[in-house]
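Notes to accompany the following structure.
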Amino acid sequence: MNEEELFHPKLMTLEDFVAMRRVLPKGYRLVFTNGCFDILHPGHVDLLARARALGDGLIVGLNSDASVRRIKKDAKGPRRPLNSQAARAFVLAGLEAVDFVVIFNEDTPLELIRAARPQVLVKGGDWAKDSIVGREVVEDAGGQVLSLPLLKGYSTSGLIERVLKGAR
C-alpha cells in the first residue's frame, strides 16, 4: 500500500470537519488534542484513550510534515518526522479512541482549535496548563483545559535514542 492509498473515513480536511461539526447532535462534547505522533507508543495510546473518555468524540490535530520539521528542528534534530503525515494520520485514525484526524500546517493548532470549537482541550502532562495553545479560546467559550499525566517511561525521543544506541 502506498501513501496515496492510506485512506480512512476519520481523516478530514479542516473544511470537511467544520461542515461535519455543524451536524453533530446538540450537547455533543468534543475533545481536542494535538501533536506530531511520529512513532506511536503506549504513552500516546494511553493519553488518547483518557482524552476520549472526557467527551463524546475526540479530534486529533496532527502536525503536518512541514510543521514537524519547523518545530522539531532545534529540539529533536533534522530527521523528524520519521513517518510521513499520511502514515501518521492513518495510524491515528485506526485507533478506537480517535474520532477525527485533521492535519494542520501551522506551527500551533490555534486556528484549528478556533474552527473546531472543542468543549475540552487536552495535552500531556509535560505541558503546563498556562502554556497550552488555545487555552483562552476554549476557556472563554466555557470549556475545560486539562494537562493529563503522562504514562511513565514512554516518549518518542527516548525511543529513538534507544534504537540509535541499539538498546531495548
With a 22 Å threshold on alpha-carbon distance, the violating pairs from 123/152; 10/152; 72/165; 10/72 are 10/152; 10/72
Relative packing of peptides 16-25, 116-125 - highest average C-beta neighbours within 10 Å first: 116-125, 16-25
Given the options 51, 134, 118, identify the residue whose Cα lies farthest towards the positive end of the charge dipole of the chain (+1 on Cβ of Lys, Arg; -1 on Cβ of Asp, Glu). 51
What is the chain's relative contact order, in percent, from Cα pairs under 8 angstrom and six or more apart in sequence? 28
Net dipole in debye of region 10-61 [+1 Lys, Arg Cβ; -1 Asp, Glu Cβ; about Cα centre; nearest 20]: 280
Taking Cα pairs under 8 Å and at least six residues apart, what relative contact order does region 42-109 come out at, in percent? 47
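For the chain, what does -39500 (n - 2.57) per DSSP helix run (n ≥ 4), summed and divided by total residues, give at 222 nm, in deg cm²/dmol to the nearest 500? Numbers along the way, then the final one.
Values: 7 runs with 59 residues, N = 168.
So the helix-based figure for the chain works out to -9500 deg cm²/dmol.
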Under 12 Å from the Cα of residue 129 - aspartates and glutamates, other chains or at least 8 residues apart: 139
To the nearest Å², the heavy-atom accessible area per residue of the chain with 1.4 Å probe amounts to 55
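The values are calculated or read from the model by the stated rules, or taken from the named source; none is laboratory data. The model shown is predicted, which means the values in this text are computed figures rather than measured ones. Ideal geometry is used to build each Cβ from the backbone, glycine not excepted, and the neighbour counts take in all protein chains shown. The area values use the complete protein model at the heavy-atom level, side chains included, leaving out ligands, DNA and RNA. Shrake-Rupley method; radii C 1.70, N 1.55, O 1.52, S 1.80 Å.
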